Amino acid sequence: MVAVLEKVRLETKERFLDIRNPFDERGWDYTVDNVFSFERGKIYGVVCEYGGGGEAISLLLTNETPREEEKVYFDDVEVDAGTVQRAGWYVGKPLYSGKLLKREKSIRKALDYALKKYHKYESIDGIIEDFGLTPGRLHYGISTNCFWEKWRASLAIGYASNKIIFCFPWMNTLTFYDCLYNSAVFRLFKRLKKEGAIIILPTSRKENVEGFVDEVIQIGGRRFEQVISDSEYFKQYF
């Protein structure tokens with residue numbers, strides 16, 4: 001846990017990142033030379049096309065992908081991967097125990113561990129009530145829990161673990177609406193904001209986040225500005 005943290009800065013470089021999200025989708029995310037700044041107590045909508053770098057922001061700020069030339073700063077001080085991991089939480093990720101034989105942790109086991117270590121609640125009953133969790137589903141892992149409840153459960157584990165930066169995976173319009181609305185995870189955002197959390201929501205359109213985020217960050221790049229009909233090679237055939 002970082003003792004003092006008011007702002008976060010991420011510097012990205014041009015490259016492709018191999019990604020895998022909580023929807024079990026694999027692909028590539030493309031980043032360009034850019035700088036992104038985030039302040040505590042704010043929600044950010046990161047708008048870009050699929051593969052346009054939004055997923056990379058979430059992965060890099062939670063240490064879910066190895067850094068190469070990218071840099072992360074907490075209050076203008078460059079920090080290492082371990083420090084980022086202690087502050088960041090990738091919402092929706094399954095949690096595993098063991099190194100040789102990996103087994104997914106149950107939600108109950110993950111919550112019990114977090115509560116014993118960070119003492120956010122006196123008992124697990126308090127966080128079950130606050131995050132609207134179903135006691136009968138706590139023996140499931142994140143990946144096998146009810147599709148909508150898994151988002152609240154994941155957020156609960158991150159909250160109980162004293163995380164500061166909560167990053168969601170990139171989602172298109174349909175998935176974004178279904179995820180936030182059907183899971184009702186958005187009801188928890190005001191509480192997290194009030195307590196100084198940074199919430200990052202990468203998605204495909206600014207309309208998806210307008211009205212409840214504090215800032216919209218739009219990501220572009222020359223690879224996403226190309227028009228096939230402008231190509232001389234293409235025009236030879238039309």
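The values are calculated or read from the model by the stated rules, or taken from the named source; none is laboratory data. Predicted model, so just to flag it, every value in this text is computed and none were measured. Note that each Cβ is placed from the backbone with ideal geometry, even for glycine, and that neighbours are counted across all protein chains shown. For accessibility, only protein heavy atoms count, side chains too; no ligands or nucleic acids. Shrake-Rupley method; radii C 1.70, N 1.55, O 1.52, S 1.80 Å.
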| said: Can you show me the helix-derived [θ] at 222 nm for the chain, built from DSSP H runs with n ≥ 4 at -39,500 (n - 2.57) apiece and divided by the number of residues, rounded to the nearest 500. | reply: -6500 deg cm²/dmol
| field | the chain - share of DSSP beta bridges that are antiparallel (%, nearest 5) | value | 55
| So what is the relative contact order of the chain, in percent, for Cα pairs below 8 Å that sit 6 or more residues apart? | 27
| message | Ignoring ligands, DNA and RNA, please state the percent of accessible area on the chain from carbon and sulfur, probe 1.4 Å. | response | 49
| task | Could you do me a favour and compute the accessible area per residue for the chain, 1.4 Å probe, result in Å²? | result | 54
| said: Taking the 0 to 90 degree range and rounding to the nearest ten, how far is the long axis of helix 149-160 tilted relative to the main principal axis of the chain, both from C-alpha atoms? | reply: 70
| note | Using alpha carbon centers only, region 89-138 is separated from region 149-192 by a whole-angstrom value of 15
| message | Around ARG26, under 15 Å between beta carbons, what's the net of Lys plus Arg minus Asp minus Glu among the other residues? | response | -4
| Ranked order, TYR140, TYR121 - accessible area, probe 1.4 Å, largest first | TYR140, TYR121
| field | Values of log10 I(q)/I(0), in the order q = 0.14, 0.21, 0.25, 0.29 Å⁻¹, for region 142-206 under a Debye, Cα-only, solvent-free model | value | -0.40, -0.91, -1.23, -1.43
| In square angstrom, rounded to the nearest 10, how much accessible surface does ARG20 have for a 1.4 Å probe? | 130
| Signed unit charges on C-beta, dipole axis of region 117-238, positive-most listed residue LEU174, PHE224, THR134 | THR134
| query | What is the ratio of the Cα radius of gyration of region 132-174 to 2.2 N^0.38 Å, where N is its residue count, to two decimals? | reply | 1.25
| For region 44-162, diffusion coefficient by Stokes-Einstein and Kirkwood Rh (Cα), 4 °C, 1.567 mPa s, µm²/s | 82
| task | Can you tell me what the convex hull of the Cα atoms of the chain projects to on average, as an area in nm²? | result | 14.9
| Pick from ALA87, ALA184, ALA197: which is most flexible by mean-square fluctuation in a GNM of the chain where alpha carbon atoms under 10 Å apart are linked? | ALA184
| message | Output wanted: per-residue J couplings in Hz (rounded whole) for region 87-94, from phi through Karplus 6.51 cos²θ - 1.76 cosθ + 1.60, θ = phi - 60°, x for Gly and Pro. | response | 9, x, 9, 8, 5, x, 6, x
| query | Which net charge results when you count Lys and Arg as +1 and Asp and Glu as -1 among the other residues whose beta-carbon is under 10 Å from that of HIS139? | reply | +3
| note | Taking Cα atoms, the helix 107-118 axis meets the longest principal axis of the chain at an angle in degrees (rounded to 10) of 80
| query | Is there a pair in LYS71/LYS190; LYS99/LYS193; LYS102/LYS193; LYS13/LYS109; LYS71/LYS194 whose C-alpha atoms are over 31 Å apart, and which pairs would that be? | reply | LYS99/LYS193; LYS102/LYS193; LYS13/LYS109
| With the contact rule set at Cα under 8 Å and sequence spacing of 6 or more, what percent relative contact order holds for region 134-203? | 38
| 13 Å beta-carbon shell around LYS117, net charge (K/R +1, D/E -1) | +4
